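These notes concern the structure reproduced below.
Since every read-out is calculated from the coordinates, none of them should be taken as a lab result. Everything quoted here is computed from the prediction, not taken from an experiment. Methodologically, a virtual Cβ is constructed for each residue, glycine included, from the backbone with ideal geometry; neighbour enumeration extends over all protein chains shown.
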Amino acid sequence: MNVYEKLFFIKQFTDSVGEIYGTEDFSVYLYSLIKMRKPKRVVELGTGLGSVMLWSALALEENKGGRFYTVDNGSEWSRLKQARPRMGPLFREQYVEYINNLIDNFEFNGYISFINRNISINELPDDIDILFSDFAHGPKDIMSMLIDVLPKLSDTSILMFDSASTYYSSYLTLNELVKMLNSGHLPVSLSTSSELINKIRRCSFEIRHVVEAKDRAQNSTACIYIQPKDIFPYPLSHMRF
């Protein structure tokens, strides 16, 4: 299957299953970001039905490099199986088999690592370029996640929280937290480490809220762009003077 055939069939499949989690369009958005930024390590927390995974792996394959790590313990599979007709011939009875079959079917074994269990932040790879969190959207969850994962991110990276931009308490929390990070401070309620403090000293943070014009609960992604404190835009590329 060549890349154009994969693009056609992935689009067809994710249009069918993607709206269950509201990721059918965001997956294409992330595909474009990966194509442009050429990350080496992309992490997804919450594989779901695989829409983000497939589009991200396709972009990495087109870039001819990079690895996509996706984590899901499969706890929602008993509910998701009710959408079996949407999955068509790609459905499998067990969640591990379903995800592995997607990877095999689209020939992405060289680009995807699927982790089917709960993991700690410490188990994630270092120098993550893009991290997409799609399992907890509340203020407390995303605040502790952001602080815990920051030392794992590269200095030129994007941290994404699904649905947080249109969950008002999370929206306000993230905006305030980014202001504090840029001022070199952290909430006293959160634990700190030398790695975290160094990251905040080195980097600047910008929050962008990507909101779809769709009347549904899962219609947004909060994106925090991280780059070194510098006079140039990152990632560094061809600069005209």
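From its DSSP helices (H runs of at least four residues, each -39,500 (n - 2.57)), the chain gives a residue-normalised ellipticity at 222 nm of -11500 deg cm²/dmol. Roughly what angle does helix 3-17 make with the longest principal axis of the chain, taking Cα atoms, 0 to 90 degrees, to the nearest 10? In the chain, helix 3-17 runs at an angle near 90 degrees to the longest axis.
Annotation: the antiparallel percentage among DSSP beta bridges lying fully within the chain is about 45. Qualifying GluC sites (Glu not before Pro) in segment 83-118, where qualification requires a DSSP coil assignment and no more than 14 other C-beta atoms within 10 Å, comprise 93, 107. If one takes the longest principal axis of the Cα atoms in the chain, at what angle in degrees, from 0 to 90 and to the nearest 10, does the Cα axis of helix 139-149 lie? Roughly 80 degrees, rounded to the nearest 10. Relative to the longest principal axis of the Cα atoms of the chain, the long axis of helix 168-182 makes an angle of roughly 50 degrees.
For segment 1-158, the square roots a ≥ b ≥ c of the C-alpha gyration tensor eigenvalues yield an a/c of 1.5 or more together with a/b not exceeding b/c, which makes the shape oblate. Of the residues 75, 169, 133, the one with the fewest other Cβ atoms within 10 Å heads the list, and the complete ranking is 75, 169, 133.
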